[in-house]
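These notes concern the structure reproduced below.
The values are calculated or read from the model by the stated rules, or taken from the named source; none is laboratory data. Keep in mind the model is a prediction, meaning the values are calculated, not measured. A quick note on method: Cβ atoms are made from the backbone with ideal geometry, for glycine too, and the neighbour counts reach across all protein chains shown. Side chains are part of the model used for accessible areas, which takes the heavy atoms of the whole protein and leaves out ligands, DNA and RNA. Shrake-Rupley method; radii C 1.70, N 1.55, O 1.52, S 1.80 Å.
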Amino acid sequence: MAQRLNVTLNKKPCYDIVFSVGWEDLIEELKEMELGERKLCICTDSNVDAIYGDALLEKISSVCKKAVKFVFPAGEEHKNLEVVKDAYRFLIGEGFDRKDVLLALGGGVTGDLTGFVAATYLRGIDFIQIPTTLLAQADSSIGGKTGVDFDGYKNMVGAFKMPRLVYMNFETLKTLDDRQFFAGFAEIMKHGIIKDSEFYEWLIENMYEICERDLDVLSEMLMKSCIVKKLVVEKDPTEQGDRALLNLGHTIGHAIEKAKNFELYHGECVALGIVAAAFISWKKEMLSMEEYYEIRDMFVPFYLPISVEGIDPNEVLRLTKSDKKKDGDFIRFILLKKIGKAVIDTSVTDEEILAAIQELYFDEEAND
Ligand code: GLY
């Protein structure tokens, strides 16, 4: 039996997040939307297409006028305007008009890119998020942030565009390799660390079942995690204030992602960025030393990195300062007062950032 959460926009119901196992409930949701006269386009990457593309295309064909599939190469390096242009050309070729609908089937890259195409094609058409990675289910599919990278800058071009529906099929979590699966935990832990210490404790208590991918525990975990995200984005949909707290770990995280040439997953870089933000918080005497070490060590059983090799800390500092999360000349850092309480801080100095990056840096030569 599917469970659901409704996300509001300006206090009015906006879209449902449906938690389910299998695709049957998705077909029922699409039937309810009465899409009989509309065309649907599944947008997906080459990896996800190989697993679910054709089967899902066949299933959705029964509920719409015509169903097609736009497939692009997998990987963050393809989250760019060239692929967006390819998508526009594909949709024009298939005669998509304003009443037609896109289905973003995949991880964060697919959701962000498809959402941006939906926000801009014909000045906006409907889209549905069908996140298939833990990271996309916990974070990127919710809240309407869409966009692509530009000239190496993460998410530099984008738009807010709310989906019509977010549909999570937890079976998809079983097909993720371990690295991809655990990368999603950085965003889940982030929700506990910024807003909900009880959820953070729950994650520790349920660590074994989570690592074993027990579907009941994963579904409870995602419900709890999505409630935190939902409450934040409902209060501040366009990031004028508190939504920025969701960026914990993303400023230094994005810089590491770029410095490592996207070799590390986004979630892995967010884990490193959270460790760095907690370190800065400790050094600024906002967070206790015990909580800094607790946060850092909490990533280890979930196979997330807490150190990184092959970077130049000064280069990461430069990239951190060029990230888009700025207020004028100041970087808008998210720091921690305690587990469950994050704050926005614009007073972090270059020396404090560099010290945090050096703390993460694992120098292979020095450790030979
Ligand atoms: N991933 C951060 C946000 O949705 O605001």
(message) From the phi angles alone, apply the Karplus equation (6.51, -1.76, 1.60; θ = phi - 60°) to segment 328-341 and give each ³J(HN,Hα) in whole Hz, x where the residue is Gly or Pro.
(response) x, 8, 9, 7, 8, 7, 9, 10, 10, 8, 6, 5, x, 9
(message) Output the 0 to 90 degree angle, nearest 10, between the alpha-carbon long axis of helix 185-195 and the longest principal axis computed from the alpha carbons of the chain.
(response) 70 degrees
(message) Debye calculation, C-alpha points only, no solvent: report log10 I(q)/I(0) for segment 118-174 at q = 0.22, 0.26 Å⁻¹, in the same order as the q values.
(response) -0.90, -1.06
(message) What are the equivalent ellipsoid semi-axes of segment 1-87, built from the alpha-carbon gyration tensor (square roots of five times its eigenvalues), in whole angstrom, biggest first?
(response) 25, 18, 15
(request) Give the whole-number value, in cubic angstrom per residue, of the convex hull volume spanned by the C-alpha atoms of segment 159-199. (result) 141 Å³
(message) At 222 nm, what value in deg cm²/dmol follows for the chain if DSSP H runs of at least 4 each add -39500 (n - 2.57) and the sum is divided by all its residues, to the nearest 500?
(response) -12500 deg cm²/dmol
(message) Relative contact order for segment 178-309: what percent, with Cα pairs under 8 Å and sequence separation of 6 or more?
(response) 27 percent
(request) Sort 260-271, 36-47, 131-142 for me by packing, meaning the mean count of neighbouring Cβ atoms within 10 Å per residue, highest on top. (result) 131-142, 260-271, 36-47
(request) Please report Rg over Rh for segment 220-329, where both radii come from the alpha carbon positions and Rh follows the Kirkwood definition. (result) 0.98
(request) Enumerate the lysines that Lys39 could reach by cross-link, defined here as Cα to Cα under 23 Å, with residues fewer than 8 away along the same chain left out. (result) Lys31, Lys59, Lys65, Lys66, Lys69, Lys85, Lys99, Lys161
(request) Which order do the peptides 93-102, 222-231 take when ranked by the mean count of other beta-carbon atoms within 10 Å per residue, highest first? (result) 222-231, 93-102
(message) Report the Cα centroid-to-centroid distance between segment 238-295 and segment 344-360 in angstrom, as an integer.
(response) 11 Å
(request) Give me the percent of the accessible area of segment 76-205 that comes from carbon and sulfur atoms, probe 1.4 Å, all protein chains in place. (result) 49 percent
(message) Using only the alpha-carbon atoms, how far is helix 215-235 inclined from the longest principal axis of the chain? Give it as 0 to 90 degrees, nearest 10.
(response) 80 degrees
(request) May I ask for the net charge around Val71, where only other residues with Cβ less than 14 Å from the Cβ of Val71 are counted and Lys, Arg are +1 while Asp, Glu are -1? (result) -3
(request) Can you find, among Val166, Gly106, Gly124, the residue farthest towards the positive end of the dipole of segment 104-186? Put +1 on the C-beta of Lys and Arg, -1 on that of Asp and Glu. (result) Gly124
(request) Would you kindly calculate the mean projected area, averaged across all directions, of the convex hull enclosing the Cα atoms of the chain, in square nanometres? (result) 17.8 nm²
(message) Could you report the chain's accessible area per residue, 1.4 Å probe, as an integer in Å²?
(response) 43 Å²
(request) Mind listing the long-range amide H neighbours of Trp23? Cut-off is under 5 Å, sequence gap 5 or more, other chains count too, H placed in the peptide plane at 1.01 Å from N. (result) none
(request) Among the lysines, select those whose C-alpha is under 16 Å from the C-alpha of Lys224, and discard any that sit fewer than 8 residues away in the same chain. (result) Lys190, Lys195
(message) Please report the spacing between the Cα centers of segment 81-141 and segment 34-72 in Å, no decimals.
(response) 12 Å
(request) Taking the chain as the reference, fit the longest principal axis to its C-alpha atoms, fit the long axis of helix 250-259 to the helix C-alpha atoms, and give the angle between the two in degrees, 0 to 90, nearest 10. (result) 90 degrees
(request) Rounded to whole Å and sorted largest first, list the principal axis extents of the Cα atoms in segment 24-130. (result) 36, 30, 20
